[in-house]
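No value in this document is a laboratory result; all are computed from the given coordinates. Bear in mind the structure is a predicted one, so any value in this text is a computation, not a measurement. Cβ placement follows ideal geometry from the backbone for every residue including glycine, while neighbour counts extend to all protein chains displayed.
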Amino acid sequence: MLNTNEKLLEIAKLIGDPIDPNLPAPVELQKVANLEVAEPGEHVYVYDGEDQDVDEVYQINANGTVNTVQATLLGDVELNFTGYNTPLKYIRVDQILNSPDQGKLGRIKASLTRSFDKLEVNALISGIMNAAAIEEVVGQTGEDIYDVLAKTIAKIENYGDQYVLLAGSKVVQTIDLFSKVKAGTFNYKVSVKDYLKSKGVEVVKVFGQVKTDAGVVELMEDDKAILVAKNSRIANGNPIVFVRRKFGNIASDMGADLDAQKQRAIVFTQAPMQTTDTNTMAYGLFGVEQVVLAILNPRVIKKIDCSAVL
């Protein structure tokens with residue numbers, strides 16, 4: 001029979017390598033946010049460079065709500081980290097060690113990693129949609145997707161360029177099929193894709209679900225979109241900042257397995273563990289990370305309601 005140390009070694013072997021070790025953040029975040037890393041215990045400040053009487057930064061909370069934080073006279077604002085943790089999943093030792101399915105723990109770890117990615121994207125999308133400081137462009141009856149995107153770009157182009165359109169699945173489908181649907185009524189060649197390309201707009205489809213405190217939610221409603229100008233004359237860098245905190249020595253004290261960036265920890269519970277008030281010879285896995293998201297420049301972000309034009 002394996003002793004505890006041998007079991008831990010066996011479990012570690014079964015887990016395998018971190019998932020997507022070269023991707024520091026979900027693709028959607030990489031497209032629109034400045035990615036930063038904070039060391040253990042390090043305070044994180046952002047500087048609002050826009051010349052206003054009152055400088056404000058909008059911090060996105062874990063549930064997608066937005067707090068307004070007024071800057072000091074020096075224009076610096078300290079951001080407060082939010083902790084994410086996944087549900088505790090467990091598997092019995094005898095089942096995994098005697099099973100021909102030796103990849104189960106690795107698949108559990110992959111699932112936990114995907115959950116983190118989705119939680120981060122959900123917080124970003126919800127935060128933007130809930131931010132009162134960000135203008136919403138609403139499609140009107142009689143307009144089409146071309147009209148809505150054109151008037152949205154017109155509202156931003158005086159403040160920035162190099163656009164990214166984060167779009168729900170129906171919005172992307174409508175963009176893709178626009179020329180086919182309108183072919184019978186065109187008096188001249190017009191293409192949404194060509195128009196977006198001419199304006200330097202990159203379309204990123206946002207889809208999938210994640211389970212949060214509010215239940216199972218869509219990462220983005222399929223008839224909504226968000227336009228972000230990455231290059232602004234108001235402030236340097238992307239208009240959103242995303243920071244993950246690194247794990248230090250506490251990771252080994254927790255019995256945690258870190259990802260390649262040492263920013264996410266998969267924690268193993270010792271066997272035996274309690275399951276429904278019963279001691280069970282099983283190992284549990286759950287994930288932990290600390291992040292902060294903040295909107296630094298709301299003028300170059302527009303949320304779009306396309307429901308009337310799809």
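Which order do SER115, SER126 fall in if you start with the one that has the fewest other Cβ atoms within 10 Å? It would help to have the intermediate numbers written out before the result.
Working: SER115 18, SER126 22.
The fewest-first ordering by Cβ neighbours comes to SER115, SER126.
With an 8 Å Cα cut-off and a minimum separation of 6 or more residues, compute the relative contact order for the stretch 4-309 in percent.
On the way: 572 pairs, mean separation 90.5, N = 306.
Relative contact order for the stretch 4-309 comes out at 30 percent.
Quick one: Karplus J couplings for the stretch 112-121, per residue in order, coefficients 6.51, -1.76, 1.60, θ = phi - 60°, nearest Hz, x for Gly and Pro?
Each residue of the stretch 112-121 in turn: 5, 5, 4, 4, 4, 4, 5, 4, 5, 5 Hz.
Quick one: LYS230, LYS155, fewest Cβ neighbours within 10 Å first, how do they rank?
On the way: LYS230 20, LYS155 14.
Ascending number of Cβ neighbours within 10 Å: LYS155, LYS230.
Go through the stretch 57-64 residue by residue and turn each phi into a ³J(HN,Hα) via Karplus (6.51, -1.76, 1.60, θ = phi - 60°); whole Hz please, and just put x for glycine and proline.
Taking θ as phi minus 60°, the curve returns 10, 10, 8, 8, 8, 4, 8, x Hz for the stretch 57-64.
If I stretch the segment between GLU202 and GLN30 completely, what's the gain in nm (0.36 nm per residue apart, minus their alpha carbon distance), one decimal? Let's see the in-between values first.
Details: separation 172, 0.36 × 172 = 61.92 nm, distance 1.28 nm.
Computed gain between GLU202 and GLN30 is 60.6 nm.
Looking at ASN61, ALA282, TYR195, which one has the Cα that reaches farthest to the positive end of the dipole of the stretch 4-309 (charges on Cβ: Lys, Arg +1; Asp, Glu -1)?
After comparing all options, I get TYR195.
Based on Cβ point charges of +1 for Lys and Arg and -1 for Asp and Glu, what charge dipole magnitude is obtained for the stretch 54-166 about its Cα centre, in debye rounded to the nearest 20? Please report the intermediate quantities before stating the final value.
On the way: 9 positive and 15 negative charges, 203 e Å.
That gives the stretch 54-166 a dipole magnitude of about 980 debye.
Using a 10 Å cut-off around each Cβ, can you sort THR152, THR212, THR275 from fewest to most neighbouring Cβ atoms?
Working: THR152 24, THR212 17, THR275 13.
Ranking THR152, THR212, THR275 by Cβ neighbours within 10 Å, fewest first, gives THR275, THR212, THR152.
By the scheme Lys and Arg +1, Asp and Glu -1, what is the net charge of all other residues having a beta-carbon under 13 Å from that of ASN249? Don't skip to the end; give the middle numbers.
On the way: positive: LYS246, LYS262; negative: GLU39, ASP253.
Charge balance in the 13 Å sphere: 0.
Report, by chain and number, residues whose modeled amide H sits under 5 Å from the one on ALA282, excluding near sequence neighbours (fewer than 5 apart, same chain).
Close amide H contacts, sequence-distant or interchain: VAL93, MET273.
Please give the charge dipole size of the stretch 4-309, origin at the Cα centre, charges +1 on K and R Cβ atoms and -1 on D and E Cβ atoms. Round to the nearest 20 debye.
Values: 32 positive and 41 negative charges, 221 e Å.
Dipole of the stretch 4-309, to the nearest 20 debye: 1060 debye.
Specify which residue in the list VAL206, ILE134, MET273 is farthest towards the positive end of the charge dipole of the stretch 4-309, using unit charges on the beta carbon of Lys, Arg (+1) and Asp, Glu (-1), about the Cα centre.
VAL206
³J(HN,Hα) across the stretch 256-273 via Karplus (A = 6.51, B = -1.76, C = 1.60, θ = phi - 60°), whole Hz, x for Gly/Pro?
Coupling constants for the stretch 256-273: 9, 9, 9, 6, 4, 8, 6, 10, 10, 10, 9, 9, 9, 8, 6, 9, x, 10 Hz.
Rounded, prolate or oblate: which fits the stretch 243-310 when a ≥ b ≥ c are the square roots of the eigenvalues of the alpha-carbon gyration tensor, with rounded for a/c under 1.5 and prolate only if a/b beats b/c?
Numbers: a/c = 4.51, a/b = 1.93, b/c = 2.34.
Oblate is the answer for the stretch 243-310, as a/c is 1.5 or above yet b/c matches or exceeds a/b.
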